[in-house]
1. Starting at the first residue of the stretch 166-178, write each ³J(HN,Hα) from the Karplus equation 6.51 cos²θ - 1.76 cosθ + 1.60 with θ = phi - 60°, in whole Hz, x for Gly and Pro.
2. May I ask which of 75/264; 75/151; 320/343; 151/343; 124/151; 75/124 have a Cα-Cα span longer than 26 Å here?
3. Around residue 193, what is the net charge, scoring Lys/Arg as +1 and Asp/Glu as -1 over all other residues with Cβ under 11 Å from its Cβ?
4. If the chain between residue 311 and residue 111 were fully stretched, how many nm would it gain, using 0.36 nm times the residue separation less the Cα-Cα distance?
5. Could you tell me how many degrees, from 0 to 90 and to the nearest 10, lie between the Cα long axis of helix 304-314 and the main elongation axis, the longest principal axis, of the Cα atoms of the chain?
6. For the chain, find the longest principal axis of its Cα atoms and tell me its angle to the long axis of helix 122-136, 0 to 90°, nearest 10.
7. Near the amide H of residue 48, under 5 Å away, which other amide H atoms are found, from residues 5 or more places off or on another chain, if H is placed in the peptide plane?
8. Among rounded, prolate and oblate, which fits the stretch 267-360 when a ≥ b ≥ c are the square roots of the eigenvalues of its C-alpha gyration tensor, a/c under 1.5 means rounded, and a/b larger than b/c means prolate?
Amino acid sequence: MRIITGTAEVSEKQYTLNFVRESDVSLQWTLAAQYHLFTTASRNSEDQNPTLMVSTISEPAVMLGRFQHPQSTLKENVWDEYPVLRRLSGGPAIFMDTGSVFMSLIIPNYQHHLKPQSIRNLPKNLNDIMLSALRAEGLSLSLAASDVLTKRGYEIGGLGFEINNNVAVWECWLGVNSAVALPQSLSNYPPLSDDAFNRNSEAISKIVDDETLPEWGFSFVEMIPIKFKSEEVTAAEFQWRWLDRERINGLLDRVTVPREPELKGFTLSRLIEDYIGFVQAACIINDAGIIQEVRIFGDFLADTDGIRLLEEKLRWSPLKKRPIALIIDDILGSQGHVILGLKRLGSILEAIMDAASRETT
């Protein structure tokens with residue numbers, strides 16, 4: 001495979017990998033920029049090229065996973081101390097201190113750029129591609145519990161994904177100067193049991209030498225397309241247009257999590273512990289014992305389409321374990337959707353039944 005840095009005419013076996021490098025930017029702006037790239041790619045994925053965005057964060061912030069319930073996850077004082085934001089992918093709440101690195105690889109029309117594969121295999125293959133690129137840059141990391149990046153047994157970052165409208169998104173966060181684990185003083189979660197995954201979080205700078213860290217330049221970008229289908233790749237620096245920046249500024253509120261509860265009229269379940277953290281459900285049950293509305297929350301990773309389809313299919317279902325379990329298994333156990341981080345899909349069932357019991361008592 002030949003890598004050409006710069007611009008070039010595109011043939012059938014060649015494409016451009018756009019590269020955006022932000023060296024001193026807020027996490028809020030970074031996530032809004034990512035959301036802009038994602039929605040743009042979703043509207044017309046066949047005409048878009050992949051984009052890698054690497055940002056060094058300028059100020060501390062708390063970053064929630066896509067499926068987490070804010071008030072269950074965070075103590076109320078967090079909103080007074082830090083911006084509270086939400087990323088595209090699932091997973092746990094993360095503390096992004098000054099100097100932390102956030103990366104996002106957005107691949108429109110991913111079936112065209114990547115080798116043929118099922119949706120269930122896509123997260124692993126994206127992780128392989130990006131971890132190989134990091135390794136080539138001198139940062140060799142291991143993956144644990146589906147989403148935890150480790151170095152010498154310590155959690156130093158994490159990975160996430162989203163798959164929607166033929167667009168695949170890979171996310172990575174690295175705690176350079178501070179650990180990415182949410183401090184206990186900010187977390188509203190109870191302590192995990194000994195059966196849960198022990199993240200044991202630490203800052204990269206305390207484990208490896210500064211010269212070991214990549215500079216996040218074109219040498220890193222050029223390692224990424226090794227497992228893509230195309231034979232020629234043009235790595236080109238992407239420049240924001242004025243219209244891009246206007247749209248990004250308009251999306252700042254979209255990635256910001258409000259202090260006030262977003263759900264009204266729902267009854268929340270207790271937190272159900274699973275391997276990666278917790279699962280929770282919120283329900284509205286009518287007088288006939290039928291699920292009128294349901295929302296699924298938690299620290300798991302999944303494609304959003306799968307979770308939204310599950311919530312839709314559960315509507316108007318009888319409040320009985322077997323029908324609910326069959327719907328959960330039919331959707332999240334299918335080849336068309338993926339959920340990671342749960343040892344058992346029964347955690348979702350348990351959360352739904354607990355929320356229902358709280359509403360009916």
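Bear in mind these aren't lab numbers, they're just calculated from the coordinates by the rules spelled out. These numbers were taken from a predicted model, which means no experiment stands behind them. With ideal geometry, Cβ positions are generated from the backbone for all residues, glycine too; neighbour counts draw on all protein chains shown.
1. These are the phi-based 3J(HN,Hα) values: 6, 10, 9, 10, 10, 10, 8, 10, 10, x, 6, 9, 9 Hz.
2. 75/151; 75/124
3. Here the charged neighbours net out to -4.
4. Contour length minus the Cα-Cα distance gives 69.3 nm.
5. Between the helix axis and the principal axis of the chain, the angle is about 20 degrees.
6. So the inclination is approximately 40 degrees.
7. Sorted by chain and number, the residues that satisfy this come to none at all.
8. Oblate, since a/c reaches 1.5 and b/c is not below a/b.
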